[in-house]
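Notes follow the structure.
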Amino acid sequence: MTTRHDTAASPVKGGAAPGRPPGGRASAEADRRKRAKLSRRWQRDMRWSPYAFVSPFFLLFLAFGLFPLIYTGWASLHTVELTAPTDMQWTGLDNYTRIFDDEFFWNAAKNTLWIGVISTVPQLLMAMGLAHILNYKLRASTFYRVVMLAPYATSIAAASLVFVLLFGRDYGMINWVLDMVGLDKIDWQNGSWSSKFAVSTIVIWRWTGYNALIYLAAMQAIPQDLYESAALDGASRWRQFIHVTLPSLRPTILFTVVVSTIGASQVFGEPLLFDANKGASGGSQHQFQTLGLYLYEQGWVNQHLGRASAIAWAMFLILIVIGILNAVISRRLRASS
Amino acid sequence: MRAARRGSARRVVVMAAIASLGAGLLAGCADDGNDEDSSSSGDSSGKTTITLGLFGTMGFKEAGLYDEYEKLNPDINIEENVTERNENYYPALVNHLTTNSGLQDVQAIEVGNIAEVVATQADKFEDMSKAAGVQKTNWLDWKWQQATTKDGATIGLGTDIGPMAICYRTDLFKKAGLPTDRDEVSKLWAGDWNKFIETGEKYKDGAGKDTYFMDSPGGLINAILSSEDEKFYNAAGEVIYKTNPAVKDAFDLTAEAAEKGLVQSQTQFQPAWDQTISNSLFATVACPPWMLGTIKAKSQPDSAGKWDVAQAPKAGNWGGTFLGVPKSGKHVKEAQKLVTWLTAPEQQAKLFSKMGSFPSAPAAYKLPQVTGGKNDMTGDAPIGELFAKAAEQIPTQVIGPKDQIVQQGLTDNGVILVTQGKSAKDAWDNAVKTIDNNLEK
C-alpha cells in the first residue's frame, strides 16, 4: 500500500513547504485528535486488512471444502440414500468395517494402483526425455512447447471419447491397424490388462506434456557453466544428463511424483468414459473400475450416500498415507544426497 | 499531496476490483441456483417461458407440438432442456428433487424410475389427477397406476408406452430361407421365446456367418423379461430377482443364444451397435414403436422398406415416459396446462405419426394418425394396427424402485459376458454379485 503522508510525517514548521494556515489552540487540539484518530485507524487497518484480503479463499474453502468434508464424514456414519438425504439412520462404523470385506472396493483399489503405476512411470520417463530434447537449441521451440501443452488443455471428456473410438473392438482404428499387419484384434474394453493399458494411455497422453514443461523449466534454471565444465572434463551428453541434469532436477522430480501420485489415485473421468456400456462399473467385470469410479457408482448410480461417503473418507486416508510415504522417501533422498 | 491523492485513488480502484471480484465469485456461485429464474421468468416480450427437462429424443419439438401450443397460447414460450441418456438425466433429477432446486417447470420420468420417484419423491410433484381437464379414463389403467401413489396422487401423466414386437429384415430372412410374411413369421415363434431361439438357429444355418439373428444379448433378455408379470420385485415390494424362475430362465435362454452365436456381442445404443444397424448386420431386434425411429436414424437409405414387424412371442412393454410438474416450479399452473395438452390423446396420436412413440391413451388408437401409421423403414406395413394389437396383450407388470439397477447388472455385468466366452454360470454369478452389492444400502 502507499504511504500515508498526512499521518506518517508531520508538516515541518517554517520549512520550505507551504505551511498550514496558522490556527489557534483549539484548532491545534482538533488537529492532534484528528491525527490520533487517523493513527488508530491506520493501526487497525494494518492489523486487520491482511485478514480481509485472504478471507475470500478461506470463506470459500469453509463453504465448499471443509463443510462438505465434515458433512461427508458425518454421512459416512449413517445409512442414508440420495433419494432422501435428510433421512439418516445411525450405523456407527458399519460403513467402514464393511469396506474390509468389500471385494469391489479392493478390486477398485488394485485397479487404481495398477493404472497409476502403468500411467505414471512411463509418463514421467517420457516427460523427462522430451524435456531433455526440448532443452537443446531448437528452431520454433515455442511451437513445440505449445504443442506439448495442447493435450493438457483438451477436456478429459473430449479426449476420452476420441480414445474410445480408437480403442473400439469392432470399428476402432487401432484394431484396424492390427488387422492390417496380420495380428489378432484385441477386445480392449473387456480384457483385464488391455483395458487398464488403454485407460493409462489416455492419462499418459494428457499429462506427459505438462510434466515435460515442468522439467524443462527446471532444466533451464540449471547454470550453463556446469555443463561447460562437464564438457571440458570430456563428459558426453548422456553423462552430462546423468551427472548434471538429474541431480539438479531432484526436487522437481519429487514434486512431479507427488502430484502425479495424487492425480493417479483420483483417476475418474478416463475410466468412466472408456466404458463401452456407459455405466460406472468400469467394465463388465469391473476390470478397470477405479476408486473414484466406485465412489461415484455407489453414490450417484446406486444412491447409497452413506457408503459412498465412507469410501470417500477411506480414499482420503489412503491419500494421507501416500503423502506421508512420499515425505519420508523424499527426506531420505535429501539426506543421502 | 499529489502522490497521496494518487495513492488513495489507486487504493480505491484496487479495493473496487477486489470487491467486484469477490462479488463476482459469490454471484457465480449463486448463479447456479438462480438459472431457472432467469430462464423461466418472462422475457422481454412479456411471455411466460415454460421449461421442460427431458432425456433422449422424446420428439415433442420434432413433431411440432411446441409450435402448435405456442400458436394456441400466444403468451407462452416453451424451452426444452434435453439430456442424451436417462442414466445421466435421472441422477441429476433425483439430486434436484431432494435439494428442491434447479428443477425445470416440467420434468420427464422414465418408466424404469417411476416406481422410485413415486415411492420417495411424490411430495415434490403436483397431483396431476387434480389438474383441470385431466381424465383418468384417457389412459391405460396400468400406465396411470404406475405414476400413482398409495394415497392416490398421480405425479405424472403418461406420454407413450412401448408395446413390443419383433422387427425383422425381410431380405435377410429370405436369404436364410425363412418365411417373410409377417403373419407366418409371427407363427414361427408364437407364445414361446424358446421357439424364437430355435428360429434363430434355423436362420444361422441358412444365412451363415455374415450376419447375426439378433442385435444384442441385452435386447433379448430385456424383451423376454418385459413380457413377464413379475420380474425383479414381487407385488409386496420384495426383491425376488434371484429366486424368480422367470428371470433365471430369461438369463439362461439369452446365454444359450449368445453361446450359439445368435446374438452379436454389442451393447444397445452405443456407437458400435449403431454401426451394426448401418451395416445391416442383424436380422431381428425387439422393437417397440420408438425403435423404428432409432433404426431409421441409424440406417443407410437403401435399407428403407426392408424391415417388417411381427408379433413378439409374448407381448411386453418396453419404455414409456411420464411428464411431472414439480411443485417448486415458477409457473405451476401453466406447466400443468401444457402437460395436460401434450399428453392428450390427439397429441399422442400426432407424436406417433411423426416420431413413432406409441400412445398410452387408448382413445388415440382409433384416430387416423394411429390406424394409418406407416414408417419408411417398414414400407406399407400397418404399424399402427400391429402395435395396437401388441398393446392389448401387455401384462400389468410389477415395477420396483431399483429395476434399472437389476436390469443393468443382468445385461452389462451378465449376459454380455457370454458373448465374450464366459460360461453362463460365471456370467450369472458375476451379475448377481454386482447387483447385490449395488442394492445393499
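The values are calculated or read from the model by the stated rules, or taken from the named source; none is laboratory data. Keep in mind that what you see is a predicted model, and the values were worked out from it rather than measured. Here Cβ is always computed from backbone atoms with ideal geometry, including for glycine, and neighbour counts include all displayed protein chains. Heavy atoms of the whole protein, side chains included, go into the accessibility calculation; ligands, DNA and RNA do not. Shrake-Rupley method; radii C 1.70, N 1.55, O 1.52, S 1.80 Å.
Out of A:Pro271, A:Pro251, A:Pro247, I need the residue that is assigned to a helix (DSSP H, G or I), more than 14 Å from every other protein chain (Cβ to nearest Cβ) and buried (at least 23 other Cβ atoms within 10 Å of the Cβ). Which one?
One residue alone meets the criteria, A:Pro271.
For segment B:67-113, which positions are among the hydrophobic types (A, V, I, L, M, F, W, C), within 14 Å of another protein chain (Cβ to nearest Cβ) and over 17 Å from B:Gln336 (Cβ atoms)?
B:Ala92, B:Leu93, B:Val94, B:Leu97
In the list B:Ala283, B:Ala257, B:Ala272, B:Ala315, which residue meets the criterion of being under 21 Å from B:Pro163 (Cα atoms) and not in a loop (DSSP other than H, G, I, E, B)?
Of the residues listed, the single one that is under 21 Å from B:Pro163 (Cα atoms) and not in a loop (DSSP other than H, G, I, E, B) is B:Ala283.
Of all the residues that make up segment A:292-331, how many are more than 14 Å from chain B (Cβ to nearest Cβ), β-branched (Val, Ile, Thr) and within 25 Å of A:Ser76 (Cβ to Cβ)?
5
Filter segment A:275-291 down to residues that are surrounded by fewer than 22 Cβ atoms within 10 Å (Cβ to Cβ) and more than 10 Å from every other protein chain (Cβ to nearest Cβ), then give me how many there are.
Residues flagged as surrounded by fewer than 22 Cβ atoms within 10 Å (Cβ to Cβ) and more than 10 Å from every other protein chain (Cβ to nearest Cβ) within segment A:275-291 amount to 1.
In the set B:Lys306, B:Lys337, which member is farther than 22 Å from B:Leu220 by Cβ and either surrounded by 22 or more Cβ atoms within 10 Å (Cβ to Cβ) or not β-branched (Val, Ile, Thr) (or both)?
Just one listed residue meets the conditions, B:Lys337.
State yes or no: is B:Thr120 away from chain A (no Cβ under 14 Å), β-branched (Val, Ile, Thr) and either open to solvent by 30 Å² or more (accessible area, probe 1.4 Å) or within 21 Å of B:Val332 (Cα to Cα) (or both)?
Against the criterion (away from chain A (no Cβ under 14 Å), β-branched (Val, Ile, Thr) and either open to solvent by 30 Å² or more (accessible area, probe 1.4 Å) or within 21 Å of B:Val332 (Cα to Cα) (or both)), B:Thr120 does not qualify.
So for segment A:280-299 (the condition being among the hydroxyl-bearing types (Ser, Thr, Tyr), part of a helix (DSSP H, G or I), closer than 30 Å to B:Gly414 by Cβ and at pLDDT 90 or above), does at least one residue qualify?
Looking for residues that are among the hydroxyl-bearing types (Ser, Thr, Tyr), part of a helix (DSSP H, G or I), closer than 30 Å to B:Gly414 by Cβ and at pLDDT 90 or above, one finds at least one in segment A:280-299, hence yes.
Does at least one position in segment B:299-310 carry a residue that is touching a helix residue (DSSP H, G or I) at 6+ places or on another chain (Cβ under 7 Å) and under 30 Å from B:Asp429 (Cα atoms)?
Checking segment B:299-310: not a single residue is touching a helix residue (DSSP H, G or I) at 6+ places or on another chain (Cβ under 7 Å) and under 30 Å from B:Asp429 (Cα atoms).
Among the numbered conditions (1) surrounded by 19 or more Cβ atoms within 10 Å (Cβ to Cβ); (2) over 20 Å from the mean Cα position of the chain (by Cα), tell me where B:Lys71 comes up short.
The failed condition is (1).
Can you name the condition, by its number, that A:Met173 falls short on among (1) in contact with a Phe, Trp or Tyr (Cβ under 9 Å, 6 or more places away or on another chain); (2) closer than 30 Å to A:Gly323 by Cα; (3) not β-branched (Val, Ile, Thr)?
Every listed condition holds for A:Met173 apart from (2).
For segment A:63-88, how many residues are open to solvent by 90 Å² or more (accessible area, probe 1.4 Å) and within 14 Å of chain B (Cβ to nearest Cβ)?
Total satisfying the criteria: 5.
Can you tell me which residue among B:Ala223, B:Ala235, B:Ala310, B:Ala250 is of a type in the set (A, V, I, L, M, F, W, C), away from every other protein chain (no Cβ under 14 Å) and assigned to a strand (DSSP E or B)?
B:Ala310
Out of B:Lys175, B:Lys143, which single residue is among the basic types (Lys, Arg), open to solvent by 40 Å² or more (accessible area, probe 1.4 Å) and away from chain A (no Cβ under 14 Å)?
Among B:Lys175, B:Lys143, only B:Lys175 is among the basic types (Lys, Arg), open to solvent by 40 Å² or more (accessible area, probe 1.4 Å) and away from chain A (no Cβ under 14 Å).
Which count do you get for residues in segment B:382-438 that are in a helix (DSSP H, G or I), within 13 Å of chain A (Cβ to nearest Cβ) and open to solvent by 40 Å² or more (accessible area, probe 1.4 Å)?
6
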